[in-house]
Amino acid sequence: MRSRLEPDARRLQIIEAVRPLYLERPFNDVSTAELAAAAGVARGLINHYFGSKRELYVEVMRSSIRMPESELPDLSALPLPERVRRTMDWILEAAETYGQAWISVSGAANLHGDSDLQVVVDEADDHAARLTLDAIGLPDDPRLVARLRAIAPLVKSVCREWLVRETLTRAEALDLLTDTVLIFATKETSS
């Protein structure tokens, strides 16, 4: 007997249950019947809660690439270079925790134009830029946000080199990201 869940709880339960299918196989290789079976729901509930298989896929991708908002200790007493280093360490820790799933999904950013997945990737990059600015104690200034969004592909590539290809050590990844963020976040902008 299935338990009755509130709509938000049921949506989350379905997303969590089908995530492994979408992380293991391409979108077109996963049927709605498989999704429903993995979630333990009737096929009609997939459409009821998400509208379509594609919308469910987009929601799985959105929840898979958005940086978690775990607590970062107060770094305000530290000099900027140390705040940046600790924040980049925090990001690497999140990448390590979410591992291959995060890398696979965030790497889906080889998209162009206004596709629904590109919108999800762009939202996640914007969110990560704002979290980073907040963590290092810099203002949520549109130019700074833009600068940090611009290095999001580098962060993903560095994590792939470290976690997948093993061509960088964690220390090298940390140094590279720290140096890059310091350059992008502190260089004077011309008005």
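Selection within the range 149-191: residues that are in contact (Cβ under 8 Å) with a residue 40 or more places away in the chain and more than 18 Å from Arg85 (Cα to Cα). The member of this set that is farthest from the chain's Cα centre (by Cα) is Thr189. Restricting to the range 122-148, and then to whatever is in contact (Cβ under 8 Å) with a residue 40 or more places away in the chain and farther than 17 Å from Leu182 by Cα, can you tell me which residue is surrounded by the fewest Cβ atoms within 10 Å (Cβ to Cβ)? Looking at the filtered set, the residue picked out is Glu123. When every residue of the range 87-94 is checked against the conditions, at least one turns out to be at pLDDT below 85 and assigned to a helix (DSSP H, G or I). Only a single item in (1) part of a helix (DSSP H, G or I); (2) β-branched (Val, Ile, Thr); (3) more than 30 Å from Thr186 (Cα to Cα) is not met by Val84, and it is number (3).
Restricting attention to the range 169-181, does a residue exist that is surrounded by fewer than 17 Cβ atoms within 10 Å (Cβ to Cβ), in the same structural domain as Thr97 (by TED's automatic domain parsing) and within 21 Å of Ile65 (Cβ to Cβ)? Yes.
The values are calculated or read from the model by the stated rules, or taken from the named source; none is laboratory data. Please read all numbers here as calculations on a predicted model, not as lab measurements. Using ideal geometry, Cβ is built from the backbone for each residue, glycine included, and neighbour counts are taken over all protein chains shown.
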